[in-house]
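Chemist: For reference, the structure I am asking about is given below.
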Amino acid sequence: MFLVRPPILLKKLYPSLLWKVNTQEKEVYLSFDDGPHPEITPWVLDVLNDFQAKAIFFCVGENVERYPDVYRRILDEGHYCGNHTNNHLNGWNSDSAVYLKSVAACARLVHTNFFRPPYGRLKNTQAKRISRHYRIVMWDVLSGDFDRTITPEKCLENTLHYSRPGSIVVFHDSLKARKNLFSVLPLYLTEMKNRGYRFPLLPG
């Protein structure tokens, strides 16, 4: 089970984190977590090119090591990459020293000013340390593409319903999300474009 929109209480507990871009322009900010993946990520890049859309990819360090050519393609095509730890650690369940070492290991592979905690779970002590070096990016809309219990139709409905000017929207370029992502992403971009939205890079 997941929440499409983050709880208000969580946003109040972590006000310094970036949850949404403050704009009235018809713009949404696309993000993709957990890649790069040799099949999913190139497909996502092709779709983004079709719509002249840009995105930020929050990369797991181990996957960057496995698929450096895919990582390089993300950057070569004008997208951003962010740090998503080296091995997709859950901050709530991790010793902070171990967690920060994973962030540092990813930083040796992914050169960026952006960080997103896997699962959106981060202790306050971890957030304080990481925020010294990174802009911590959360989200306004969680597509739920990773949830195999929901249909692509429901995934699309949720994502379209909650998207608004300045929304940071999360998808996943991972095998787990393949079924929903392959159905939803082109339809989402088509409908949002029809509504007059653009898909720029996240402000630095």
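Read-outs: derived from the displayed coordinates by stated rules, not from any lab. Values in this document were obtained by computation on a predicted structure and should not be read as measured data. Methodologically, a virtual Cβ is constructed for each residue, glycine included, from the backbone with ideal geometry; neighbour enumeration extends over all protein chains shown.
Chemist: Could you compute the FRET efficiency for ASN113 and THR151, with r as their C-beta to C-beta distance and R0 at 41 Å, rounded to 0.05?
Modeler: Computed FRET efficiency for ASN113 and THR151: 0.65.
Chemist: What would the Debye formula give as log10 I(q)/I(0) at q = 0.12, 0.20 Å⁻¹ for the alpha-carbon point model of the range 8-194, no solvent?
Modeler: Debye curve over Cα of the range 8-194, log10 I(q)/I(0) at q = 0.12, 0.20 Å⁻¹: -0.54, -1.51.
Chemist: Also: In whole Hz and in residue order, list the ³J(HN,Hα) couplings for the range 116-129 that follow from phi through the Karplus curve 6.51 cos²θ - 1.76 cosθ + 1.60, θ = phi - 60°; x for Gly and Pro.
Modeler: 10, x, x, 6, x, 10, 8, 6, 4, 5, 5, 4, 4, 5
Chemist: Another one. Select from LYS26, LYS12, LYS193 the residue whose mean-square fluctuation is largest in a Gaussian network model of the chain (Cα-Cα springs shorter than 10 Å).
Modeler: Sorting by GNM fluctuation, first place goes to LYS12.
Chemist: Just for the Cα atoms in the range 36-130, what are the lengths along the principal axes, largest first, rounded to whole Å?
Modeler: Principal extents (largest minus smallest coordinate, Cα): 41, 23, 19 Å.
Chemist: Given only helices, namely DSSP H runs of n ≥ 4 each adding -39500 (n - 2.57), what is the per-residue ellipticity at 222 nm of the chain, to the nearest 500 deg cm²/dmol?
Modeler: -11500 deg cm²/dmol
Chemist: For the pair LEU3/ARG73, report the inter-label distance in nm, with labels modelled 7 Å from Cα in the Cβ direction.
Modeler: Taking the simple label geometry, LEU3 and ARG73 are separated by 3.6 nm.
Chemist: Looking at the range 8-194, what % of its DSSP beta bridges pair antiparallel, to the nearest 5?
Modeler: If I count the DSSP bridges inside the range 8-194, around 5 percent turn out antiparallel.
Chemist: Starting from the Cα-Cα distance between ASN90 and ASN124, subtract it from 0.36 nm times their residue separation and give me the gain in nm to one decimal.
Modeler: 10.9 nm
Chemist: Please compare each pair in LYS12/LYS154; LYS12/LYS179; LYS128/LYS154; LYS128/LYS179 to a cut-off of 32 Å on the Cα-Cα distance and tell me which ones are over it.
Modeler: LYS12/LYS179; LYS128/LYS154; LYS128/LYS179
Chemist: In addition: Given points 7 Å out from each Cα along the Cα-Cβ axis, report the HIS161 to GLN52 separation in nanometres with one decimal.
Modeler: The answer from the label model is 3.2 nm.
Chemist: Local charge sum around TYR29 (other residues, Cβ-Cβ under 13 Å, Lys/Arg +1, Asp/Glu -1)?
Modeler: +4
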